[in-house]
Amino acid sequence: MYAGERMEAMITVRFPNGMVVQYNKANFAQSNVNCTYLYRKEGDNSWMVRVPLDCIVEVISPCRVYDALQEGKEYKLAELTREVRLLRMKIDLQKFCGDEKDSKVHVNRPWSRGSWTYATNGHIVLRLPKLPDVSENPKAPDVEKLFQDADERGPYEWVDVPEVTVNWLECPDCSGTGIWTEGLKHPTECEECDGKGKFTRRVPVKFEIGKVAIGLSNIYLDLIRKELPNPKIGLIEAAATTYFRVVPTNGVPVKIKFDGGIGLLMPMRISG
């Protein structure tokens, strides 16, 4: 590709059954409550195919070749580095969003605003440079203030994300089937486990910083470790959920950093 030539994206769809399909001519994706449409931005902008919402849709741009000698074409090393990181990243932001049944309906999907793309479920929030396939959502919360406040609280003590244990238990209400039938004419999805047939309980993992202890959920630590590239946790005393073993209080969020983005995670109460 020569400098100045128009770039086209390449879309890969990963289906829940393990099948992977690459659409070389599709360069734009848009989701609604029912499915995700893949488009080719040419002519009438008609859609090519639609895929279920439980698929992972990856939009990747081909590598660029910059002409450093061309007048007026000056690209900073930081911009090139960021593009390389974004090309390498395959983060499923949907895993950091609220559930479809969540009352926070405006955070059930990632959204873009300004120069950033966000994903949150109310406990954890991620921020990445704006992704072209994630549309804006005027009804989504303004979470940028959270990042500004976090920056003002520093400095942070950065630590690795530990490997944690997450135990899944069989749902006692539906006996692991995910379906509730007792007293009903027609079977329905079990409300206790959201139809999964199993559930897990959040357990605080203790991080000590000085005389202060911070409790972070084992579920979110496991998610961060598995889904984010090269993650680190930024600890700060203000995030402490217990102090000298007195009555625990809610803290402010800890920071998260990973290749290509940052995030915030709220602590848990810990006893003792």
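The values are calculated or read from the model by the stated rules, or taken from the named source; none is laboratory data. What you are looking at is a predicted structure, and each value in this text was computed from that prediction instead of being measured. Using ideal geometry, Cβ is built from the backbone for each residue, glycine included, and neighbour counts are taken over all protein chains shown.
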- Task: Kindly check whether there is at least one residue in segment 209-219 that is surrounded by fewer than 16 Cβ atoms within 10 Å (Cβ to Cβ) and either of a type in the set (Phe, Trp, Tyr) or modelled with pLDDT of 80 or more (or both).
- Result: yes
- Query: Filter segment 229-272 for residues that are outside any loop (DSSP other than H, G, I, E, B) and more than 22 Å from Leu93 (Cα to Cα); which is modelled with the lowest pLDDT?
  - Reply: Tyr243
- Message: Here is a check on your reading of the model: is Arg202 among the charged types (D, E, K, R), touching a helix residue (DSSP H, G or I) at 6+ places or on another chain (Cβ under 8 Å) and at pLDDT below 90?
- Response: yes
- By residue number, the members of segment 193-228 that are of a type in the set (Asp, Glu) and farther than 20 Å from Lys95 by Cα are Glu208
- Sort out for me the strands (runs of 3 or more DSSP E) sitting completely within segment 12-53 that have 1 or more residues that are farther than 17 Å from Leu131 by Cβ and modelled with pLDDT of 70 or more. 20-23, 35-39, 47-52
